[in-house]
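A short write-up of the structure that comes next.
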Amino acid sequence: MDTSSNPSTPRAVAFDVTIKDAEKSSPFKPIENKKAVSETSIKMKQELAEERRLSLKSQKQEAAATEFKRAQEKAQRQQEETENKKKRLEEELVADLEAKEMNRQLLLEEKRKKIRERLENHSKNFEEMNRMLESARKQLSERITEELELAEDRRNKQLSGLLERIKEHDSKIMEAKKSVEEANAAHAEEIEEKQMERLETSFRNRQEQTNQLLERLKEHAIHVQTVRKNKKESSDKQEQDVIPQCNN
């Protein structure tokens, strides 16, 4: 007789039991008892095998559960380590960004400060150059005015002296004419002609001198105007030269 455990049960323990038939010559024939003993033994063995199978299955399940728990714990630890590392990296990145931003702000503030200092220095230099330019312009204007006044005084004095000489010359001519008329009454015509020629010559000479003097006065006036114009152009040029230097 052959018996085996359920083959559909996973990881079941299978075994064979062979029971020989009783010999016909045996005086005893306890067939029913042997059969009962054999069935009971088989049943007990089957139960034991089932218990071992269940125990083994339980052990395997417990081992699998333990291994799964360990894997979960390991995965959790790895995840926690990853999260902690990620958090540390984020904190380091934030700190680095904050430090860079702070350095950038400091650099910007330093550049702004330098620019403000340069602008202030440029403004001071510009104001100083404006003061110097105004002072130079004032001094130049005073010098030009003074020179023009001196030139005007000289011209007026020269004109006054010329007029005085002309008056004196006319007075002398009149006196000479009168003396000639009184001294030479007999030879009035001849003397008068000679005197008239002399007077005309003298008058022409005086007229030429007067014209020359007037020409000189005109030339002097033109020269004064030219000097004023040149000084004004020189002053304007100095102002134009000073302004670009201030801008630089």
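Below is a table of values for the structure above.
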read-out: Check on Ile173, free of Cβ contacts under 8 Å to residues at least 40 places away in the same chain and in contact with a helix residue (DSSP H, G or I) (Cβ under 8 Å, 6 or more places away or on another chain); value: yes
read-out: Qualifying residue in the stretch 122-141 (condition: closer than 29 Å to Glu215 by Cβ and more than 27 Å from the chain's Cα centre (by Cα)); value: no
read-out: Leu107 assigned to a helix (DSSP H, G or I), under 25 Å from the mean Cα position of the chain (by Cα) and either at pLDDT 90 or above or not basic (Lys, Arg) (or both); value: yes
read-out: Flag if Ala95 is among the small types (Gly, Ala, Ser), surrounded by 11 or more Cβ atoms within 10 Å (Cβ to Cβ) and over 30 Å from Arg216 (Cβ atoms); value: no
read-out: So Arg154, is it at pLDDT 75 or above, exposed (fewer than 13 other Cβ atoms within 10 Å of the Cβ) and within 30 Å of Gln139 (Cβ to Cβ); value: yes
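The values are calculated or read from the model by the stated rules, or taken from the named source; none is laboratory data. The shown structure was predicted, so the numbers you read here are calculated from the model rather than taken from an experiment. Cβ atoms come from the backbone with ideal geometry, glycine included; neighbour counts cover every protein chain shown.
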